[in-house]
Amino acid sequence: MADTVTLAPMDLEHLREVLDLGNLVFDVTLKPYTSWSLTAIAEHLDTDDNACWVALDAGRVVGFVLGSMEFEFREDWAYLEWIAVAPDHQGRGIARRLVDACCHALFARGAGRVVADVEAGNTASATLMTNQGFQAVTTVTLFVRSNPDELTPEEPALPLPPGTKRALIRSGRLTGDAQRGKRDR
Ligand SMILES: CC(C)(COP(=O)(O)OP(=O)(O)OC[C@H]1O[C@@H](n2cnc3c(N)ncnc32)[C@H](O)[C@@H]1OP(=O)(O)O)[C@@H](O)C(=O)NCCC(=O)NCCS
């Protein structure tokens, strides 16, 4: 069935469908997905990295991957940040093809490594990445202390405004082992 699906570079015309598909499959109340927004997609279009691809079935966007040459402070590390496949097209190897298209583009642009972060409970994504040659190198656990005067456990966390995650990465407040290692030395 996957052979009816073709990959194409993501373009402006795909924005609406990519946004809607992400909203459908990402749990935007979970920390890793709270920055999903039109801004997050548009920023990826604003480069010539060639690392953003859509999977099309008869013109319909049934999957996408958004990658970039930007990961924290490492100029030679690239980032496969978002990937999704429509529920009615999952399990047909589409994500595997999208990961390969994205990684090939990033390596061709000079990336030494491509990084993907996977939420702990996301077995599908973890298996996908492992099968596509990614290795788990570190685990980050968010420790959260709630303000007892402002939050009750039942209240959902407010989503971050669009672009916040990327701004945190750029400012160095959201960082990883490579940068921490540099600071510790
Ligand atoms: C993760 C996701 C993109 C996989 O898409 P997919 O097109 O169904 O994946 P594929 O068919 O290409 O499968 C690729 C590999 O992942 C594994 N995989 C896919 N879904 C899986 C599942 N539910 N459980 C375990 N492994 C799974 C398969 O074993 C497959 O490996 P193999 O082909 O070597 O056997 C899809 O489940 C999805 O959109 N999930 C919601 C969004 C998400 O969590 N994105 C990742 C974070 S940004």
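Points to keep in mind about this one:
- When ALA157, ALA167, ALA178 are screened for being surrounded by 10 or more Cβ atoms within 10 Å (Cβ to Cβ), touching a strand residue (DSSP E or B) at 6+ places or on another chain (Cβ under 8 Å) and at pLDDT below 90, only ALA178 passes.
- Among the residues of segment 1-16, just one is open to solvent by 60 Å² or more (accessible area, probe 1.4 Å) and touching a residue at least 60 places away in the same chain (Cβ under 8 Å), namely MET1.
- Top-ranked residue in segment 43-70 [being at pLDDT 95 or above and farther than 21 Å from VAL99 by Cβ; ranked as nearest to the chain's Cα centre (by Cα)]: GLY59
- Leading residue by the ranking (most open to solvent (accessible area, probe 1.4 Å)) among those in segment 87-132 that are assigned to a loop (DSSP other than H, G, I, E, B) and within 19 Å of PRO32 (Cα to Cα): ALA120
- ALA40 passes every criterion in (1) without any contact (Cβ under 8 Å) to a residue 60 or more places away in the chain; (2) crowded, with 17+ Cβ neighbours inside 10 Å; (3) aliphatic (A, V, I, L, M) apart from (1).
- Close pairs from segment 17-30: first over 14 Å from ASN122 (Cα atoms), partner part of a helix (DSSP H, G or I), Cβ under 8 Å, at least 6 apart: VAL18/ILE41; LEU19/LEU38; LEU19/ILE41; GLY22/ILE41; LEU24/PRO87
- Top-ranked residue of segment 32-47 - restricted to ones that are more than 12 Å from the ligand (Cβ to nearest atom) and in a helix (DSSP H, G or I), ranked as nearest to LEU80 (Cα to Cα): HIS44
- Hits in segment 71-91 (condition: over 11 Å from the mean Cα position of the chain (by Cα) and within 15 Å of PHE107 (Cβ to Cβ)): PHE71, ARG74, GLU75, ASP76, TRP77, ALA78
- If you filter segment 68-86 down to residues that are assigned to a loop (DSSP other than H, G, I, E, B) and away from the ligand (no atom under 11 Å from the Cβ), you find that the one that is surrounded by the fewest Cβ atoms within 10 Å (Cβ to Cβ) is ASP76.
The values are calculated or read from the model by the stated rules, or taken from the named source; none is laboratory data. Note that the structure is a prediction, hence the values are computed from the model and not measured. With ideal geometry, Cβ positions are generated from the backbone for all residues, glycine too; neighbour counts draw on all protein chains shown. Accessible surface areas use protein heavy atoms only, side chains included; no ligands, DNA or RNA. Shrake-Rupley method; radii C 1.70, N 1.55, O 1.52, S 1.80 Å.
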